[in-house]
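First up is the structure itself, then whatever we jot down about it.
The numbers here are math on the coordinates, done by the rules we state, and not lab data. Computed from a predicted model, the values in this text were never measured in an experiment. No Cβ is skipped: glycine too gets one built from the backbone with ideal geometry, and neighbour counts run over all protein chains shown.
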Ligand SMILES: *Cc1c(COP(=O)(O)O)cnc(C)c1O
């Protein structure tokens, strides 16, 4: 366990606030993870898939035209958008699927909102020959028909959840019920650095390949560490994956970018670290956007993958201890960055990643030319082209 963490807690955040039956399943998972994470054979197998299946290491690209036009710091992009399936999510999914194999579990379940985690999970399940069931709120299946079809092409079974508001929360509940009933042959594959312990720790571990590579790559290119790391924060997995390997390097500043939606003051956002309170949500303690009655608030973001009322517990800890800063970028700013990066670098970023790009666009001009920023380009924007097209009509 890392220094920042004790028994699944990051300061007062994290933990596992779950029913007893579920606690047993989580304890077992924790033991298996602790056993394999340092196992040389496990690591070799994981890296074989990282290299030959995902295409790692992802490049660290100097965005020269963007840097020059902004006229300040040098900007590098960590190109997670070039991964197989187009984003960082595959790193974590492969790691957890390998754990499932080690546990002898042949059935994978997951929940998905926008569908991106569902597609990544269906991808790894196909490649490893595992049965795959994806829970998705019925409303979300209508909004994301193409992703539902993608998962089905990959051989997964998508179950539309027809209860409550028929969105992500209801899908989470359905998946947890499935797990409690079928834990003997089923692995619950979680998509971000959220949920009860040990999930935030597991997801961080598998996503840390991003920061480990970035560290080596910037040393190769610049012979020094960067001044700033910038990443978009939904659940927080791509951000913690970039940040964690730099935790001890106090001179490296970390900035997480939350979706400010239509503006923090409107309440129409998904920025719990900017406008939330410490709460218990989905079985763990973290900053979250909660109503008086203890239910999560409605959230809004132009980027479906950032649209979550909570955040990974380690980010709450980084915030309170001052190790990282968390800012908000609103929909319009993210959209502008989406176009700007596309036109200056020929790279169409995911709308999620565009939030990180937008903040770098504000920061770089006020820094000296000898400063270095690394942006985590968490995913590619192909999936968002239709949405942006519709907004322009
Ligand atoms: C899902 C997603 C995110 C948000 O998830 P995190 O767990 O916060 O990383 C960000 N970018 C892309 C491209 C995504 O698909």
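Structure values in brief
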{"item": "Relative exposure of 320, 331, 382, judged by other C-beta atoms within 10 Å (fewest first)", "result": "382, 320, 331"}
{"item": "DSSP-defined beta bridges in region 159-308 - what % are antiparallel, rounded to 5", "result": "55 percent"}
{"item": "Residue order, fewest to most beta carbons within 10 Å, for 342, 265, 208", "result": "265, 342, 208"}
{"item": "Angle between the chain longest axis and helix 351-363 axis [Cα atoms, degrees, rounded to 10]", "result": "30 degrees"}
{"item": "Label-point separation in nm, residue 177 to residue 369, each point 7 Å along Cα→Cβ", "result": "6.3 nm"}
{"item": "Mean separation of Cα contacts under 8 Å (6+ apart) over length of region 98-181, as relative contact order %", "result": "32 percent"}
{"item": "For region 98-114 versus region 267-296, the gap between their alpha-carbon centres in whole angstrom", "result": "27 Å"}
{"item": "Rounded to 10°, Cα long-axis angle of helix 89-102 versus longest principal axis of the chain", "result": "30 degrees"}
{"item": "Ranked list, fewest to most other Cβ atoms within 10 Å of each Cβ, for 336, 181, 213", "result": "181, 336, 213"}
{"item": "Antiparallel DSSP beta bridges within the chain, percent to nearest 5", "result": "30 percent"}
{"item": "Between 0 and 90°, nearest 10: helix 168-182 axis offset from the chain longest Cα axis", "result": "40 degrees"}
{"item": "Taking the chain and dividing mean pair separation by its residue count, relative contact order in percent (alpha carbons under 8 Å, at least six apart)", "result": "20 percent"}
{"item": "Relative contact order %, region 171-293, counting alpha carbon pairs below 8 Å whose residues are six or more apart", "result": "19 percent"}
